[in-house]
Amino acid sequence: MMKKCTLAFFALSAIASAASAQSAVTVYGLLDASIYKSTNTAGASQLQLASGMMEGSRWGLRGNEDLGGGMRALFTLESRLEVDTGAGGNRPISGNALPARLTNGLSAGQLTAIAPVLAALGPQQAVNPTTNLFDRQAFLGLVTPFGGFLAGRQYTPAFATLAKYDINGTQGPATPGGLGMLLYQPVEIRRNNAFQYVIQQSGISASLMHAFGEAKTATTPGSSGSLTGLNFSYDAGPLSAGLGYNAAKDGAGKSSLRTTVVGGSYNFGVAKVSAAFTGIKDDNPALATTIAALSAPAAALLKPNLIQDANLIHVGVGFDVGAGNMKVSFNRLNDKRTANADSTSYGATYTYPLSKRTNLNFALARVTNKGLGQVALGGNGFSGGITSAAGVDSTSIGFGLRHSF
């Protein structure tokens, strides 16, 4: 392991050295650590030293070369980093526990029959479980007078829209995306093998992405595992409005997770108000295809409980308090399926700057779960997971330090 790490370090140094001879290369990063408590999580309430309460800790390389004629080449390589452990990934607070909605309606005999599959699914709930080095971003691009062309692992258009109109900017536990669980995500955040066209002109921003499935076999079409997305926003002074859309395909090429986001914000000067509506639909969950590789009968039993049909509403306001900034938000996930799994979160974060690069952060949030709702809130960089049982509420509180370089 030491030899591999050393080789990886020298390889990155070589990339940076070679690139610096022909372009501007920047090493950058962010470290976020906090004391964080979440109540009623599966197993027990948890008090921990957490990495990523406000933002996921990371380091990266960013390059930019002027090619002349209004053209430039660029690249970004960004790696996840857990300040608390030094690892490249993390596990939810609730560990291997699975949400009750996954096995809702199954008999004791059926649960016994698929017990090995359920045991295998628990450990798979993780952020970057394969600890890929540049899990956050890895892309190469060409900027032209007609727009930018980017290729690699990138953020999806629908997520970019939700992040823009989340008053928190995805920071802290009281974000709309925080109501998703690792097995039930409202929007795909990033995609591999993605080609994206981006344009910004006179207040108008737009992008079009296609992520190639690259999993074609003799029995699956070329669209298997692919994702197509787009977004559009218009900014005019204090007003901003936009929409984003992602449409994914499962391993068999069938329509899978589709996310539509519509949002807007207005800056009144003394305060900024933001709101977003997200529609979530998934008739053929990609996870069901993964489970089918382990057991086709288990996939058939679990697929109905993996299907998503929900709306996610976010409303928030941000304003200055003294030298710092306060953000207050409300989020509601309305599960429209017969087996309800509704969750509502609300909370506040306060950021106090110690310098341009270092700040203190305080976060307080609560989630109320109804029916089969079982969300436990985490942070931007780590997953909260699930509560001790369906319908159980949870409170999260954290205090931390964040530094960027």
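The values are calculated or read from the model by the stated rules, or taken from the named source; none is laboratory data. These numbers come from a predicted model, not from an experiment. So basically every Cβ, Gly included, is an ideal-geometry build from the backbone, and we count neighbours across all protein chains shown. Ligands, DNA and RNA are excluded from the accessible area calculation, which covers all protein heavy atoms including side chains. Shrake-Rupley method; radii C 1.70, N 1.55, O 1.52, S 1.80 Å.
All of ALA16, ALA8 fail the test of being closer than 17 Å to LEU140 by Cβ, at pLDDT below 85, part of a helix (DSSP H, G or I) and aliphatic (A, V, I, L, M), apart from ALA16.
Any idea which residue in the range 216-240 is nearest to LEU294 (Cα to Cα), counting only those that are at pLDDT 95 or above and open to solvent by 50 Å² or more (accessible area, probe 1.4 Å)? Walk me through it before giving the result.
Kept after step one, since they are at pLDDT 95 or above, are these residues of the range 216-240: 226-240.
Adding the requirement that they be open to solvent by 50 Å² or more (accessible area, probe 1.4 Å) leaves 228, 230, 232, 234-235, 237-239.
Working: THR228: 28, LEU230: 34, PHE232: 40, TYR234: 46, ASP235: 48, GLY237: 53, PRO238: 52, LEU239: 50 Å.
So the residue we want is THR228.
Within the range 27-53, the set of residues being in contact with a Lys or Arg (Cβ under 8 Å, 6 or more places away or on another chain) and over 24 Å from HIS403 (Cβ atoms) comprises SER45, GLN46. None of LYS303, LYS272, LYS327 is basic (Lys, Arg), more than 20 Å from the chain's Cα centre (by Cα), under 22 Å from GLY177 (Cβ atoms) and surrounded by 17 or more Cβ atoms within 10 Å (Cβ to Cβ) except LYS272. Taking every residue in the range 191-215 that is open to solvent by less than 60 Å² (accessible area, probe 1.4 Å) and pairing it with any residue that is of a type in the set (Phe, Trp, Tyr) and not in a strand (DSSP E or B), at least 6 positions away or on another chain, yields no pair with a Cβ-Cβ distance below 6 Å.
Residues are listed down the side, and each one gets a yes or a no for (1) in contact (Cβ under 8 Å) with a residue 12 or more places away in the chain; (2) surrounded by fewer than 19 Cβ atoms within 10 Å (Cβ to Cβ); (3) not basic (Lys, Arg):
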{"site": "PRO353", "(1), (2), (3)": "yes, yes, yes"}
{"site": "ARG357", "(1), (2), (3)": "yes, yes, no"}
{"site": "LEU360", "(1), (2), (3)": "yes, yes, yes"}
{"site": "ALA363", "(1), (2), (3)": "yes, no, yes"}
{"site": "VAL367", "(1), (2), (3)": "yes, no, yes"}
{"site": "VAL375", "(1), (2), (3)": "yes, no, yes"}
{"site": "SER388", "(1), (2), (3)": "yes, yes, yes"}
{"site": "SER394", "(1), (2), (3)": "yes, no, yes"}
{"site": "GLY400", "(1), (2), (3)": "yes, no, yes"}
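For the condition closer than 19 Å to PHE232 by Cβ and of a type outside the set (Asp, Glu), what is the one hit in LEU183, LEU179, LEU162, LEU142?
Working: LEU183 fails: closer than 19 Å to PHE232 by Cβ; LEU179 fails: closer than 19 Å to PHE232 by Cβ; LEU142 fails: closer than 19 Å to PHE232 by Cβ.
Exactly one residue qualifies, and that residue is LEU162.
Of all the criteria given as (1) under 27 Å from VAL315 (Cα atoms); (2) open to solvent by less than 30 Å² (accessible area, probe 1.4 Å); (3) touching a residue at least 24 places away in the same chain (Cβ under 8 Å); (4) not polar (S, T, N, Q), the one not satisfied by GLY148 is (1). Of everything listed in (1) in contact (Cβ under 8 Å) with a residue 40 or more places away in the chain; (2) surrounded by 19 or more Cβ atoms within 10 Å (Cβ to Cβ); (3) out of contact with any Pro (no Cβ under 9 Å at 6 or more places or on another chain); (4) outside any loop (DSSP other than H, G, I, E, B), the single unmet condition for GLY381 is (4).
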